[in-house]
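> Right, I'll just put the structure down here and ask away after.
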Amino acid sequence: MGYRNRNVLALIGVLVLVGVPAWVAWEIHSSRNPVGSATVYAGDLAPVAIAAPFLLVLITWWWKGRATGLSESTAGQVAAAAGRLAESMLVTWRQEAKDRRISTPAPARVRWQWGPAQVTLPPAELITAPAAGAGPRPLPGPDSDMTGMLLEAGVVTRLHEGVYARLPHGRLVLTGGPGAGKTGAMILLLLAALDHRRSLSETQAGDIPVPVWLTLGGWDPTTQTLHHWAKATMYRDHPYLRAPDYGLDVADGLLCTGRVALFFDGLDEMARDVQATALARIEQEGAGLRVVLSSRPGEYGHALATGRLHNTAVIEVQPVAPDTAHDYLLQDQIGPQRDRWHQVGGYLEANPGSVAARTLDNPLALSLARDTYQHEDPTALTDAALFPTVAALREHLIYRILITAYPDERQRAHATRWLAWIAHHMGTNRDLAWWHIPTWIPRRRRYLAVGCVFIFGFVLGFVLGLLSAHGRGLTDMLLDGLGSGIALGLLVAFLFGSVVKYLVEGEAHALRPRWPRPGQIVRLLVSTLTFALAMGLFAGFTIGRQQGLAAGVAFGLGIGIFSLPIAFVARLKRLWEIPLSATAATPSTEYRHNRRTSTVFALGIGLVFGLFFGIPAGTLYGFASGLWAGILIGLMIGSQIGLKSPAPLVALAQFVLAITGDGRVRFIRLLEDAHHRQVLRQAGAIYQFRHAELQEHLNKLHGQRSRPRT
């Protein structure tokens with residue numbers, strides 16, 4: 001069914017949900033006996049309220065199966081998804097290469113050579129073809145004739161035709177020191193593989209696996225299999241793969257048929273005790289897939305002690321020679337600034353052992369120097385008195401990132417303070433997922449925030465109590481004020497605290513919906529009906545003396561029964577939170593979609609629940625009062641459910657930090673701005689700091705502050 005027909009059905013459903021309660025309310029209000037009519041309607045609607053959530057689950061289950069038509073994706077659907085994925089990856093990573101200063105003004109001419117014998121096989125042994133069906137399919141195209149003719153060395157811009165396309169087993173590891181250009185080389189390799197795929201015919205392109213970028217820092221191989229984690233990441237970063245056109249689980253089809261190549265970035269960014277486990281899982285579960293991995297040499301060598309990738313080519317990214325650094329620094333420079341960079345380049349060539357030459361021997365340092373000295377004299381970088389060691393000059397360049405990104409001192413202080421807070425709470429993890437931010441609020445801050453909310457509720461309730469008891473004497477006014485203040489304070493503190501507790505629940509971002517098991521449905525049904533019966537009997541015996549036992553029971557059942565559909569819809573809400581976007585996901589799009597769906601869900605459930613709840617409530621308090629009470633309670637319940645989603649929890653975390661004295665911050669705006677200013681980089685739906693050293697620098701700054709202020 002097309003989107004237009006779905007929209008028409010959705011509109012009809014909304015009209016029914018709003019129209020039926022409105023019609024019932026009008027019938028009750030216009031009847032001669034509103035209380036009796038409300039009681040009858042409440043009894044008639046109770047079975048509907050019970051059946052509705054089960055019907056909703058059944059329809060959703062049926063629609064899910066109808067949309068795909070099969071239990072798994074077909075070969076045609078997998079091929080179509082691979083083509084769509086290739087287009088998206090090319091657009092995304094071309095822009096990312098530009099943003100990271102890898103492709104502009106031009107890639108640094110970085111060379112590579114084979115790794116030492118301790119970590120890699122001789123090239124002659126790497127050309128042995130795998131057994132039939134044991135390895136990836138050979139790549140079609142001009143490079144296929146050169147399989148088995150591995151180069152001894154080269155430049156990273158030619159890695160695809162020089163190494164990647166010629167490896168029969170399709171396994172390549174890029175090693176190098178901090179800032180050596182491993183990630184940049186892998187991005188260039190990814191783009192070259194995508195360009196090669198696009199240059200072939202449609203038939204040949206189907207045999208080229210699509211590179212998929214995976215940051216290893218977000219994987220725990222001790223608890224997650226490679227396929228499960230890779231699938232979850234693909235669905236997170238490429239939500240269009242969930243579209244019904246591609247079947248039920250197209251990511252599984254892409255992995256099992258070898259239509260994707262896995263590009264793992266940052267083995268060294270994983271915890272040291274799980275690196276070998278990660279290699280073992282890649283070895284065992286990545287059979288038949290082309291794999292590219294980046295790591296620092298020490299971490300890869302350590303992982304090889306207990307883990308192993310067989311038939312794997314290992315290359316080392318080499319330091320940038322002074323003459324090559326000179327050429328890179330002059331790229332796209334004009335006017336007096338070109339002359340200044342020429343002086344710097346000449347100094348590097350004349351003094352290859354100097355601090356400046358040993359610092360500016362890698363793409364990271366070179367790009368930092370270019371970016372942070374665009375409008376200032378860069379010859380200061382060669383002053384040995386100012387920078388006596390490589391560490392001092394490198395720290396200076398890292399610090400200059402923040403100065404260049406935030407020229408305004410006040411703005412820089414605010415951004416640095418909160419980025420340092422984020423870096424501190426990230427720890428050794430290199431992946432910055434915005435939905436993790438709420439989990440970083442300290443416990444004492446949460447308790448203090450609940451206390452502040454209680455005080456606010458107490459003051460408001462006290463004032464309302466005084467106003468309601470005005471004219472009845474000072475003692476009555478104070479008693480009513482204290483009673484109302486304590487009651488309202490406890491109520492708002494309880495509601496606020498029930499949401500705040502979700503700040504510590506870990507990763508509050510569901511990548512795919514988890515449908516309730518039959519046992520969970522039965523337990524949910526039994527507990528809800530038990531609550532409804534107890535509430536109905538309690539209401540009937542306590543207030544039935546005035547309004548009638550039937551009205552009391554109807555009131556109680558109205559409260560209890562309607563908690564059943566809300567509980568079910570709370571589970572189904574996870575399905576609505578998943579965007580079927582036509583483009584690759586970004587942190588901003590993920591956040592805004594979650595915020596929008598959470599808000600609509602909270603308001604929709606609150607209003608619908610309020611309209612239905614107003615019917616039994618009207619039997620006790622009158623139609624108008626019952627309707628308003630129902631809408632108010634419904635909105636409170638809807639907000640309780642809606643706030644327990646990642647985007648509202650981020651806003652809640654900001655509120656907690658603000659009222660407990662940590663200062664005001666808008667996290668998503670801060671992260672978007674930092675990405676725009678090249679302080680952060682983007683990898684799918686997550687951010688990363690531009691370099692691990694920048695994250696470590698900010699972490700140190702956080703430790704040096706006692707209590708930062710905005």
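Throughout, read-outs are computed from the coordinates displayed, never taken from laboratory work. Note that the structure is a prediction, hence the values are computed from the model and not measured. Using ideal geometry, Cβ is built from the backbone for each residue, glycine included, and neighbour counts are taken over all protein chains shown.
> Need one number: nm distance between label points at I403 and L330, each 7 Å from Cα along Cα→Cβ, rounded to one decimal.
About 2.7 nm separates the two model spin labels.
> Once you list every other residue whose beta carbon is under 13 Å from the beta carbon of T324, what net charge do they have if Lys and Arg are +1 and Asp and Glu are -1?
Value of the local net charge: -2.
> Of the listed peptides 282-294, 338-350, 402-414, what is their order by residue-averaged count of other C-beta atoms within 10 Å, with the highest listed first?
282-294, 338-350, 402-414
> Taking 7 Å along the Cα-to-C-beta vector as the label spot, tell me the A305-K700 distance in nanometres, rounded to one decimal.
It is 2.7 nm.
> Hey, another quick one. Explain nothing, just compute: Karplus ³J(HN,Hα) = 6.51 cos²θ - 1.76 cosθ + 1.60, θ = phi - 60°, for every residue of region 326-341 in order, whole Hz, x for Gly and Pro.
Working through the residues one at a time gives 4, 4, 5, 5, 8, 4, 6, 8, 9, x, x, 5, 5, 5, 5, 5 Hz.
> Another question about this same structure. For a quick check: sort V317, V156 by the number of other beta carbons within 10 angstrom, fewest at the front.
V317, V156
> With a Förster radius of 51 Å, plug the Cβ-Cβ distance of V600 and Q118 into 1/(1 + (r/R0)^6) and report the FRET value to the nearest 0.05.
0.30
> For region 654-669, just list the computed ³J(HN,Hα) in residue order, Karplus coefficients 6.51, -1.76 and 1.60, θ = phi - 60°, integers in Hz, with x standing in for Gly and Pro.
4, 5, 4, 5, 5, 7, 9, x, 7, x, 9, 7, 10, 4, 5, 5
> If you don't mind, there's one more thing I want to ask. Taking 0.36 nm per residue of sequence separation and subtracting the Cα-Cα distance, how much length would be gained by fully extending the chain between L386 and N429, in nm to one decimal?
Taking L386 through N429 to full extension adds about 12.2 nm, to one decimal.
> Taking amide H positions as placed in the peptide plane 1.01 Å from N, state which residues far from G115 in sequence (5 or more) or on other chains have amide H under 5 Å from it.
Amide H neighbours of G115, under 5 Å, 5+ apart: V314, I315, E316.
> Between region 164-243 and region 273-327, what is the C-alpha centre distance in whole Å?
14
> While we're here: Amide H of L293: which non-local residues (sequence gap of 5 or more, or other chain) have their own amide H closer than 5 Å, using H built in the peptide plane?
Hits under the 5 Å cutoff: L172, V173, L174, F264.
> Amide H to amide H, which residues 5 or more places from N362 or on other chains are under 5 Å from it, using H placed in the peptide plane?
The answer is V320.
> Under the 0.36 nm per residue contour assumption, what length would be gained going from the current alpha-carbon distance of R664 and R198 to full extension?
Roughly 163.0 nm would be gained on extension.
> Over region 76-317, what is the percentage of antiparallel beta bridges among all DSSP beta bridges, to the nearest 5?
25
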